[in-house]
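Reviewing the structure listed below.
The values are calculated or read from the model by the stated rules, or taken from the named source; none is laboratory data. These numbers come from a predicted model, not from an experiment. Positions of Cβ are backbone-derived with ideal geometry, glycine not excepted, and every protein chain shown enters the neighbour counts. What goes into the accessible areas is simple: the full protein's heavy atoms, side chains included, and nothing from ligands, DNA or RNA. Shrake-Rupley method; radii C 1.70, N 1.55, O 1.52, S 1.80 Å.
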Amino acid sequence: MNGHVTIRLASERVNHCVASSNELPRFYTPGEVISGMQDFMRGHGTYVEDDCIKSSVAGVMQKVNKLICVRPLKSRYVGEIGDVVVGRVLEVQQKRWKIETNSRLDSILQLSSVNLPGGELRRRSAEDEQMMRKHLQEGDLISAEVQSVFSDGSLSLHTRSLKYGKLSQGVLMKVFPSLIKRRKNHFHNLPCGIAIIIGNNGFIWMSPMQRNVIIGENKDEIQNYEHQPINKSDREIMARLKNCVAALVAAKMMLDDSSIMFAYEESLRYDDVKELLDPEVMLDIAFLTQHRLNSIMEE
């Protein structure tokens, strides 16, 4: 039985029609010679063999002065202190939760690193440890900040600020962490009425803005809000935003609040949200978004 197998090269995964500049990126495959050792220093994604710097991953070369790095097309998240992440609770352990954050190893959220109900400031007791599953259980989604990085590369998280914590209703989207643009703020309230968290780990969370919710000791009002159904218009806007992000990811464009909002505005010319899944429409949205970003940079 004869069958046809299509193998795509790494350089074909990026659409060169949507480029941030006139220069097309140079792709290197594992084992390919980048430069001689005498001219440059090797960085991440490279190794030295026969007095030459060679690529150890498939990706784009980045050069800073005499330092050469190769940024891979696909990679796991490597956390840094202060990063905003979105994660899912995998397991409840003794005095800590194990969190999936799209990195090589599972992250840790200590019981001492979360806010107690009502915002109390005291030492954690045995009673708090018994109530851990009521606070966060397996499958729950959270937003958190990287507090420290262990020697093995795993991350320690904290949710001590009011903007972090359990996520209730919304849409989770997973993209390559290398496409997330690092910014001072990763929490955004978009003009279209949707709140978005762009996690440095490649997890993007979209949810309706919380309107008239009192954050305090009145837990019943907060819980009632969490279980309220999302109206149809908000669901359509979130679906449109999700498809816009998918279009930008397909073109390997960097993601931040500006690029996502530009893509959303350009997508409004298409009435049906399902149209945005068409490859030609995705390319059109990405091209128009890049054009708007370029015009802002030129100004």
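Quick look at the numbers
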read-out: Rel. contact order, % - alpha carbon contacts under 8 angstrom, at least six apart, region 110-202; value: 22
read-out: Expected-Rg normalisation [2.2 N^0.38 Å, Cα atoms] applied to region 253-299; value: 1.14
read-out: Pairs beyond 30 Å (Cα-Cα), from 95/232; 66/242; 98/232; 184/242; 166/242; value: 95/232; 66/242; 98/232
read-out: Shape box of region 169-299 [Cα atoms, principal axes, largest first, Å]; value: 48, 34, 27
read-out: Surface accessible to a 1.4 Å probe, residue 159 within the full protein complex, Å²; value: 10
read-out: Region 169-299, accessible surface, carbon-and-sulfur percent (1.4 angstrom probe); value: 51
read-out: FRET efficiency, 1/(1 + (r/R0)^6) with R0 30 Å, evaluated for residue 298 and residue 105 via beta carbons; value: 0.10
read-out: Simple label model, 7 Å out from Cα along Cβ direction - residue 112 to residue 246, nm; value: 4.5
read-out: Protein accessible area in region 74-167, 1.4 Å probe - carbon and sulfur %; value: 46
read-out: Of every Cα-Cα pair in region 74-167, the percent that sits beyond 21 Å; value: 26
read-out: Label-to-label distance, nm, for residues given as residue 78 and residue 185 (7 Å Cα→Cβ offset); value: 3.0
read-out: Modelled FRET efficiency - R0 51 Å, residue 210 with residue 44, Cβ distances, 0.05 increments; value: 0.80
